[in-house]
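Peer 1: Here it is, the structure in full.
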């Protein structure tokens, strides 16, 4: 009895080990033969095929079972139903992707999508095209190339240094996550992703690392209103792709034109930022110098008198500038 059980077990083991997978290549007459079992993943099959086909990446291979593409590399042959019953061989077709003109996107579920490389196509256009392949709206898509997130939808594939044969990763942005643009100056803005449940101070913490500016020296303005540190983003009417203006607080040097009793000219320093109006600057001066704003005349190094309604940015005044104060 024991001998019979042993013989059956050996027979089953031999049957299992003798299973062979026959691969039909479209441009080859000869079938490729690979060993397999129910636990062999699609990725493992592709990795076995790479040296035989002279390819460089699993992304260059699409396995087909009849008309059905086996797209999830993490699934096994058994999960796809390839090894049901006692069949000892299965027939597959392999489609080789033309890597001379293609690039790839790995979607959620390890699905590999291939696209014709068009250097002038923008990231935004690519996301819209992706909508027809994956059930993810363009604004919820995050494309990643070599660990760098591609935030700017207006940039082209070429500008993002994406090349033929590259594989991008597609992630789905959670509903409470928004992409914000921090406008540092007229030509420089920083993309950051934040939760709507974050407070403004969390943005400043991120910007401290990015811009090397302490939190207490930062002013953030959204739609003409300064954001307070304790404000929740969801209470500030902030949404995806909102633009928040960044201003750095600095000490502005102001030289008083009149001489004091000792025949010396005094220099004062007040806190300022580029979005500060001349009118508000005069209020700051009045706190330091005890002179009402209406008795102040401010001018720049060229002698131009500064108008109350203009900002420091309008006159291109920064932390290196020196203003001149004349007292009436």
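Peer 1: How far apart, in nm, are two points set 7 Å out from the Cα along the Cα-to-Cβ line at residue 232 and at residue 279?
Peer 2: Distance between label points: 3.5 nm.
Peer 1: Using a 10 Å cut-off around each Cβ, can you sort 273, 235, 314 from fewest to most neighbouring Cβ atoms?
Peer 2: Values: 273 22, 235 10, 314 14.
Ranking 273, 235, 314 by Cβ neighbours within 10 Å, fewest first, gives 235, 314, 273.
Peer 1: With 10 angstrom as the radius, rank 166, 135 by how many other C-beta atoms surround their C-beta, starting from the fewest. Don't skip to the end; give the middle numbers.
Peer 2: Details: 166 18, 135 9.
The fewest-first ordering by Cβ neighbours comes to 135, 166.
Readers should treat all values here as calculations from the given coordinates under stated rules, not as data from a laboratory. Here the structure is a predicted model, which means the values were calculated and not measured. Cβ: placed from backbone, ideal geometry, glycine included. Neighbour counts: every protein chain shown.
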